[in-house]
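Colleague: Structure below; questions to follow.
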């Protein structure tokens, strides 16, 4: 049977597996291959190191097909540089698509459905039976990405500053100051407003911990994140039903740490969808995007 490669290049981490006839021969992970996040040189170095690792684990010098899903795939030059690296690693058939595409295929294997991505960034994509797509959100960390780890981080700091002005209690500024190493409020503000700015998404786990400890501001941010994610799914559902011949309900899958790792976001997400569309089926478990890359590589071999 053919040996194939799947790569999931998210905003923060990159994962890869080499598979033969459904059996995983190798699995590894590295830093981001998103150029906007880490720069072109680091992105390529991360991808090459990852491929070298999984090839060594599997004991192969090439594969029959490889599919890569990467954040910001539409940026000029992204497909070309990833394709060139895969060619260096003797990948015979190559597929480079957006990370949302492999996540959709992990959940629905080419079929219709709605996917909510809520990781470092966020995006909501719906696919109709004919393959056409509708979407909502996903307009970058500065212009959107509501409900994402980045959004949770930056809006927690914003709301904590507002709480500070009003004399309302929150531990967010203290915790962020510890993480950033900023001893004064002025230092924290300068750090938050610097260019390039700090990694706001990296604050999300600390905000989640504060929310679990009943910090009112942190709880409010996570509840708003859940509400925004629900609104996006219901909007995409509405667009799919209005523009495409779809009978019955549209299934919903989800992926990303904002839902998987944050109880308040997850519970709010499920409850909101249940209230907004009671008959709409929602996946219980997180979709593993890498499985979509593997599935797409399998289709390349079959074709």
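The values are calculated or read from the model by the stated rules, or taken from the named source; none is laboratory data. Treat the numbers as computed from the prediction; the structure is a model and nothing was measured. With ideal geometry, Cβ positions are generated from the backbone for all residues, glycine too; neighbour counts draw on all protein chains shown.
Colleague: Quickly run through segment 87-113 and pick out the residues that are without any contact (Cβ under 8 Å) to a residue 60 or more places away in the chain, under 21 Å from residue 3 (Cβ atoms) and out of contact with any helix residue (DSSP H, G or I) (no Cβ under 7 Å at 6 or more places or on another chain).
Modeller: Listed by number, the residues that qualify are 87, 88, 90, 92.
Colleague: Identify, by number, the condition in (1) over 24 Å from residue 47 (Cβ atoms); (2) part of a loop (DSSP other than H, G, I, E, B) that residue 145 doesn't meet.
Modeller: (1)
Colleague: For residue 267, state whether it is surrounded by fewer than 17 Cβ atoms within 10 Å (Cβ to Cβ), farther than 16 Å from residue 100 by Cβ and at pLDDT below 95. If you could, list the steps in order and put the result at the bottom.
Modeller: On the way: surrounded by fewer than 17 Cβ atoms within 10 Å (Cβ to Cβ): yes; farther than 16 Å from residue 100 by Cβ: yes; at pLDDT below 95: no.
Taking the combined requirement at face value, the residue does not satisfy it.
Colleague: Do we have residue 272 as modelled with pLDDT of 95 or more and either touching a helix residue (DSSP H, G or I) at 6+ places or on another chain (Cβ under 6 Å) or assigned to a loop (DSSP other than H, G, I, E, B) (or both) here?
Modeller: The answer is yes for residue 272.
Colleague: When segment 211-222 is examined, which residues are found to be surrounded by 19 or more Cβ atoms within 10 Å (Cβ to Cβ) and closer than 15 Å to residue 161 by Cβ?
Modeller: Within segment 211-222, 215, 217, 218, 221 meet the criteria.
Colleague: Among the candidates 198, 251, single out the residue that is surrounded by fewer than 17 Cβ atoms within 10 Å (Cβ to Cβ) and within 21 Å of the chain's Cα centre (by Cα).
Modeller: Answer to the selection: 251.
Colleague: Residue 74 - would you say it is farther than 21 Å from residue 303 by Cα, surrounded by fewer than 19 Cβ atoms within 10 Å (Cβ to Cβ) and at pLDDT below 90? Spell out how you get there, then give the answer.
Modeller: Details: farther than 21 Å from residue 303 by Cα: yes; surrounded by fewer than 19 Cβ atoms within 10 Å (Cβ to Cβ): yes; at pLDDT below 90: yes.
Judged against the criteria, residue 74 is a match.
Colleague: Shifting gears a bit: Counting only residues that are farther than 21 Å from residue 144 by Cα and in a loop (DSSP other than H, G, I, E, B), how many does segment 159-216 have?
Modeller: Count: 12.
Colleague: Still on this structure, I have one more. Inspect segment 102-112 for any residue being more than 13 Å from residue 290 (Cα to Cα) and in contact with a strand residue (DSSP E or B) (Cβ under 6 Å, 6 or more places away or on another chain) and give the result as yes or no.
Modeller: Yes, there is a match, as at least one residue in segment 102-112 is more than 13 Å from residue 290 (Cα to Cα) and in contact with a strand residue (DSSP E or B) (Cβ under 6 Å, 6 or more places away or on another chain).
Colleague: Which one is nearest to the chain's Cα centre (by Cα) among residues in segment 102-119 that are within 24 Å of residue 265 (Cβ to Cβ) and not in a strand (DSSP E or B)?
Modeller: Restricting attention to segment 102-119, the residues satisfying the condition of being within 24 Å of residue 265 (Cβ to Cβ) are 102-104, 106-108, 113-119.
With the extra rule that they be not in a strand (DSSP E or B), the set shrinks to 102-104, 106-108, 119.
Working: 102: 11, 103: 9, 104: 12, 106: 13, 107: 14, 108: 17, 119: 4 Å.
Top of the filtered list is 119.
Colleague: Name, by its number, the condition in (1) more than 20 Å from residue 211 (Cβ to Cβ); (2) assigned to a helix (DSSP H, G or I); (3) in contact (Cβ under 8 Å) with a residue 60 or more places away in the chain that does not hold for residue 259.
Modeller: Result: residue 259 fails condition (1) only.
Colleague: Farther than 14 Å from residue 5 by Cβ, in contact with a strand residue (DSSP E or B) (Cβ under 6 Å, 6 or more places away or on another chain) and surrounded by fewer than 16 Cβ atoms within 10 Å (Cβ to Cβ), is that true of residue 49? Explain how you work it out, then say what you get.
Modeller: Numbers: farther than 14 Å from residue 5 by Cβ: yes; in contact with a strand residue (DSSP E or B) (Cβ under 6 Å, 6 or more places away or on another chain): yes; surrounded by fewer than 16 Cβ atoms within 10 Å (Cβ to Cβ): yes.
Yes: the conditions hold for residue 49.
Colleague: OK, next. For segment 146-165, indicate whether the set of residues that are within 23 Å of residue 241 (Cβ to Cβ) and within 14 Å of the chain's Cα centre (by Cα) is non-empty.
Modeller: yes
Colleague: May I pose another question? Scanning for something surrounded by fewer than 15 Cβ atoms within 10 Å (Cβ to Cβ), assigned to a strand (DSSP E or B), modelled with pLDDT of 95 or more and over 18 Å from the mean Cα position of the chain (by Cα), does segment 12-22 turn up at least one residue?
Modeller: For segment 12-22, residues surrounded by fewer than 15 Cβ atoms within 10 Å (Cβ to Cβ), assigned to a strand (DSSP E or B), modelled with pLDDT of 95 or more and over 18 Å from the mean Cα position of the chain (by Cα): absent.
Colleague: For segment 120-138, what are the residues that are in a loop (DSSP other than H, G, I, E, B), modelled with pLDDT of 90 or more and within 20 Å of residue 70 (Cβ to Cβ)?
Modeller: Answer for segment 120-138, where residues must be in a loop (DSSP other than H, G, I, E, B), modelled with pLDDT of 90 or more and within 20 Å of residue 70 (Cβ to Cβ): just 137.
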